[in-house]
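Novice: For reference, the structure I am asking about is given below.
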Amino acid sequence: MKPETLGILGLGALGGSIARQASRAGVSRIVGCAHSTRDGVAAARAGAVTEIAHDPQGVVRAADLVVMATPPATTLGLLEERAEPLRRREVYCTDVTRVKTPVVQLAERLELQPWFAGSHPLVDLTGRGFGAADPDVLEGALVYVTPLMGGDAARAEVADFWQRVIGAAPVTLSAERHDALLAWTSQLPRAVASALARVLAEKGPDGVTYGRSALEETRLATENPAAWADLFLMGRQGLLEALDAMEDGCALESPSEVRSPHSMHAPRRRRCVSWEPRWVRCGPVQASLSPANAGLAPKARSTAATRARRRGSCWGRWRGSRSGRASRATPHSGGVPCGG
């Protein structure tokens, strides 16, 4: 649908982008409500909205379609507060949060099936507030549309809005499937980046200057931590499953398990990496694969590994359990981290 009056709750980076794109598409009346007076004034000056409402009630009262461009917790509160006027005025409504199951379940309990469908535009906006709005990122962007049970009419109208007005590419899937996908593709990378940033800040060596790898791997941790904390909590089931799988993947088998064409020995099973929260332990088999020994014959490499083990070097120092999966409750302070 192309609404005569579009209402937008939240004029930050994403809400502002939607408002500007709708204005480009010729929506004649756009009523916005901003948490920040600064964002509201900026949106009005930029021509992204035609009116600024003082509260969400003013937006719902005026609009044919309402977009809730607010954080997850705020969105849930707005749905509960505005469910009755949405039903009474038969106003279509959607949200843009990154977690869908709690929103869709609440909307179903509020009996908004004819009027509400969830949305999630997959766009990458850097920065916060209306100043970070960029309508160009919405052109051709994938938008997940998550309908309510029995809400096909609302799903069709919301999907048509994204396609006709915003110029995006809507795809329909269930809220549960959406959250399972996003746990792997969005939440897991950010959770790992946040954990790495915290470890480097709290346990890293003093006075060190981190290189490009560390900076790139922790960049995601700087993106609105408070909002992501809400997303982690609301989508915790899928995120925990992804984290468990990642932890299992960190318990790697040694390269000697795979018969190397350069090896004269049968493969020996030995864990070379043991997942623990604060360090990684490497076995002597990696000494034979280190760059310094790469050009040696198999027997010479084996000898080098033995010498490394006797010296107690990074490659040969083993402490604690050799089962490949040590207790996470009692980290060993003497573990030797391997570089790389």
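The values are calculated or read from the model by the stated rules, or taken from the named source; none is laboratory data. Being a predicted model, the structure only gives us computed values, none of them experimental. Cβ: placed from backbone, ideal geometry, glycine included. Neighbour counts: every protein chain shown.
Novice: Could you check GLY77 against (1) touching a residue at least 40 places away in the same chain (Cβ under 8 Å); (2) among the small types (Gly, Ala, Ser); (3) closer than 28 Å to VAL171 by Cα and say which number it fails?
Specialist: For GLY77, the exception is condition (1).
Novice: How many residues, within the stretch 117-163, are under 14 Å from TYR92 (Cβ atoms), assigned to a helix (DSSP H, G or I) and in contact with a Lys or Arg (Cβ under 9 Å, 6 or more places away or on another chain)?
Specialist: Residues flagged as under 14 Å from TYR92 (Cβ atoms), assigned to a helix (DSSP H, G or I) and in contact with a Lys or Arg (Cβ under 9 Å, 6 or more places away or on another chain) within the stretch 117-163 amount to 2.
Novice: Which of the residues that make up the stretch 35-59 are closer than 23 Å to ARG164 by Cα and either in contact with a strand residue (DSSP E or B) (Cβ under 6 Å, 6 or more places away or on another chain) or without any contact (Cβ under 8 Å) to a residue 12 or more places away in the chain (or both)?
Specialist: Result: ALA43, VAL49, THR50, GLU51, VAL59.
Novice: Still on this structure, please answer the following. Considering each of GLY118, GLY32, GLY7, GLY16 in turn, give the residue that is in contact with an Asp or Glu (Cβ under 6 Å, 6 or more places away or on another chain), crowded, with 22+ Cβ neighbours inside 10 Å and either touching a residue at least 24 places away in the same chain (Cβ under 8 Å) or not polar (S, T, N, Q) (or both).
Specialist: Testing whether each residue is in contact with an Asp or Glu (Cβ under 6 Å, 6 or more places away or on another chain), crowded, with 22+ Cβ neighbours inside 10 Å and either touching a residue at least 24 places away in the same chain (Cβ under 8 Å) or not polar (S, T, N, Q) (or both) leaves just GLY118.
Novice: Here is a further query. So which residues in the stretch 199-216 are assigned to a helix (DSSP H, G or I) and more than 30 Å from TYR144 (Cβ to Cβ)?
Specialist: Of everything in the stretch 199-216, those that are assigned to a helix (DSSP H, G or I) and more than 30 Å from TYR144 (Cβ to Cβ) turn out to be VAL199, LEU200, ALA201, GLU202, LYS203, ARG212, SER213, ALA214, LEU215.
Novice: Same structure, new question: Just give me the residues in the stretch 138-179 being touching a residue at least 60 places away in the same chain (Cβ under 8 Å), buried (at least 19 other Cβ atoms within 10 Å of the Cβ) and farther than 19 Å from ALA107 by Cβ, in sequence order.
Specialist: LEU138, VAL165, ILE166
Novice: Check the stretch 64-78 and report whether any residue there is of a type in the set (S, T, N, Q) and more than 20 Å from LEU231 (Cα to Cα).
Specialist: No; the residues of the stretch 64-78 include none that is of a type in the set (S, T, N, Q) and more than 20 Å from LEU231 (Cα to Cα).
Novice: Right, something else. Does any residue of the stretch 224-245 turn out to be touching a Lys or Arg at 6+ places or on another chain (Cβ under 8 Å), among the hydrophobic types (A, V, I, L, M, F, W, C), modelled with pLDDT of 85 or more and under 25 Å from ALA141 (Cβ atoms)?
Specialist: No, every residue in the stretch 224-245 fails to be touching a Lys or Arg at 6+ places or on another chain (Cβ under 8 Å), among the hydrophobic types (A, V, I, L, M, F, W, C), modelled with pLDDT of 85 or more and under 25 Å from ALA141 (Cβ atoms).
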